[in-house]
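Before any comments, here is the structure.
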Amino acid sequence: MAGGVAEIPPVRVEVGQAPEGMDELAEVIDGKQIAKECRRALKSRVSEFTEQVGNPPGLGVILVGEDPASAVYVRNKERACERAGMASFHHTLPADSSQQVVEKLIDRLNEDPLVHGILLQLPLPGHLDSKAMLARIRPDKDADGFHPVSAGMLAVGQPSFVPCTPRGCMRLIESTGRDISGADAVVVGRSNIVGKPMAQLLLSQNATVTICHSRTRDLDAHVGRADILVAAVGRPEFVRGDWIRDGSVVIDVGINRRHDGSLCGDVEYEKAFERAGFITPVPGGVGPMTVAMLLENTVEGAFRSISK
């Protein structure tokens with residue numbers, strides 16, 4: 001990745017129990033452990049910046065409303081900042097806040113020299129224009145990587161903020177030791193947040209990439225030829241386990257709640273477990289990496305701010 005953040009060696013950890021009826025563990029990619037290693041590597045960069053400038057890299061967080069899931073995510077990000085020695089500036093606004101009020105706060109954080117990355121927690125209340133809000137964040141503080149300038153820079157292969165979840169997915173794929181160059185990669189999902197930037201990152205590593213989605217014909221055939229599969233369609237167990245190519249790398253971005261309250265991904269895990277060479281669990285796979293990559297983006301933004 002661009003930006004000078006220290007890279008960590010590949011980490012592969014087997015966790016959990018094999019589904020009932022299986023004799024051996026599959027190789028599960030432990031996102032919690034890899035994220036921990038990322039944060040450990042990041043600490044030295046945080047210390048380096050703090051010694052040079054006199055204050056740590058800072059992340060400004062905006063939460064509008066009291067959505068319980070968003071509040072949990074924000075708390076996790078704040079704790080991660082604290083563990084890494086970074087500053088976190090948390091701003092919670094009422095759910096009925098106007099567009100103007102939120103934009104003024106964004107403007108304030110844009111001009112604050114102690115803030116090197118800005119996170120606008122999504123989703124926003126329905127009366128707010130999230131696209132306009134995200135575009136208002138200065139590109140050099142776009143820690144989430146959602147700004148149109150960041151998307152354009154990624155598309156043309158220039159250094160920029162990379163959306164946190166795809167960046168984390170790439171780190172997970174790299175942790176397996178599999179060669180991405182020349183591999184057949186299939187991305188199921190076409191969102192601006194995950195699917196499209198994921199495809200760009202895989203292309204940048206010379207994979208042959210197919211983007212699929214919920215309306216793709218013969219989706220099973222596309223999935224069945226994938227050396228690397230990234231599922232980010234947002235539908236519980238949408239990708240059937242018996243579609244998975246034997247020995248492939250499966251990265252499941254989805255996190256969905258079943259009727260009984262349990263969590264599942266976009267991939268039918270137990271059957272996929274029997275076929276994949278490597279697979280991420282849900283939870284404990286992609287999620288921790290998203291937070292770790294947010295911190296890396298913020299630290300990169302901090303170093304860029306003093307190299308201008």
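The values are calculated or read from the model by the stated rules, or taken from the named source; none is laboratory data. Because the structure is predicted, anything quoted here is derived from the model rather than measured. Neighbour counts run over all protein chains shown; Cβ positions are idealised from the backbone, glycine included.
Things to note:
- Scope the stretch 171-196; condition out of contact with any Lys or Arg (no Cβ under 7 Å at 6 or more places or on another chain), closer than 20 Å to residue 239 by Cα and part of a helix (DSSP H, G or I); matching residues: 172, 173, 195
- Test: residue 292 is more than 17 Å from the chain's Cα centre (by Cα), modelled with pLDDT of 95 or more and of a type in the set (A, V, I, L, M): no
- Residue within the stretch 183-201 that is in the same structural domain as residue 229 (by TED's automatic domain parsing), on the phi > 0 side of the Ramachandran plot and surrounded by fewer than 22 Cβ atoms within 10 Å (Cβ to Cβ) present: no
- Selected residue [closer than 21 Å to residue 38 by Cα and out of contact with any Phe, Trp or Tyr (no Cβ under 9 Å at 6 or more places or on another chain)] from 168, 126, 157, 145: 168
- Within the set 45, 39, the sole residue that is at pLDDT below 95, outside the structural domain of residue 137 (by TED's automatic domain parsing) and not hydrophobic (A, V, I, L, M, F, W, C) turns out to be 39.
- Checklist (1) assigned to a helix (DSSP H, G or I); (2) at pLDDT below 95 applied to residue 66, failing item: (1)
- Only listed residue being surrounded by fewer than 23 Cβ atoms within 10 Å (Cβ to Cβ), among the small types (Gly, Ala, Ser), at pLDDT below 95 and on the phi > 0 side of the Ramachandran plot, chosen from 157, 177: 157
- Looking only at residues in the stretch 208-252 that are in contact with a Phe, Trp or Tyr (Cβ under 9 Å, 6 or more places away or on another chain) and of a type in the set (Asp, Glu), the one that is surrounded by the fewest Cβ atoms within 10 Å (Cβ to Cβ) is 220.
- Among the residues of the stretch 255-308, the ones that are assigned to a loop (DSSP other than H, G, I, E, B) and closer than 30 Å to residue 42 by Cβ come to 14 in all.
- For the stretch 90-105, filtering for residues that are farther than 19 Å from residue 72 by Cβ and either modelled with pLDDT under 95 or surrounded by 15 or more Cβ atoms within 10 Å (Cβ to Cβ) (or both) leaves 4.
- Scanning the stretch 106-149 for residues that are basic (Lys, Arg) and either loosely packed, with under 15 Cβ neighbours inside 10 Å or at pLDDT below 95 (or both), we see that the one that is nearest to residue 86 (Cα to Cα) is 108.
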